[in-house]
Amino acid sequence: MGALLDMFIRGLRLLEKLFPTSGDKPVVPPVEPPVQLPVPPPPPIIPSTLQAKRLELLVAHNRFRAEVGADKLMEMAALSSVAQQQASYLARNLITNNLHGRPTGRTMEGDFKSAGIKYRIAGENAAAGQRTTVDVMADWKASRGHYANIMNPAYLYVGFGYATASTGKVYWVTMFCG
């Protein structure tokens, strides 16, 4: 039994080394608090060029309308899709005259219908060559027909297209409906 007692005592001493006690309470080694690493700020949200141009155009159109007390236009995604389709067509084909023309068989009305847009009245402004939103808005404001579209109180919704041709020429399209 002596050998068994010796083995038991050795086991207890090993346990005391592994888990030291102070009186009746076990000694717990201090635990260091976790290191708090600084959290980097989220990256800035930078809208795409197209999103930025659409926002600039919406703000500019609504500023012009505010000058005469007209209601603000609301951007409609389906209208912007149609306007973008037209701007891309113009840029891809380097159209320089008849910016309101479309590929064979297409019309603005047909584009609206295929996009599921229901309307009572619709219009379109198109331009090419202006480098900035300020430039294109100045040209549209100076044009009686384009300005009439911007200010028409019957128009409630707007959509924008913006495309750059391989030559660097910029094409702008605004679609209106009410």
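The values are calculated or read from the model by the stated rules, or taken from the named source; none is laboratory data. Quick caveat: nothing in here was measured; it's all calculated off a predicted structure. Note that we place each Cβ from the backbone using ideal geometry, even for glycine, and neighbour counts take in every protein chain shown. Note: accessible area is taken over every heavy atom of the protein model, side chains too, but ligands, DNA and RNA are not part of it. Shrake-Rupley method; radii C 1.70, N 1.55, O 1.52, S 1.80 Å.
With all protein chains kept in place, the per residue accessible area of the stretch 46-90 amounts to 53 square angstrom at a probe of 1.4 angstrom.
For the stretch 68-178, the carbon plus sulfur part of the accessible surface works out to 53%, probe radius 1.4 Å. Between Thr164 and Ala77, the distance separating the two model label sites (each 7 Å from Cα on the Cα→Cβ line) works out to 2.6 nm.
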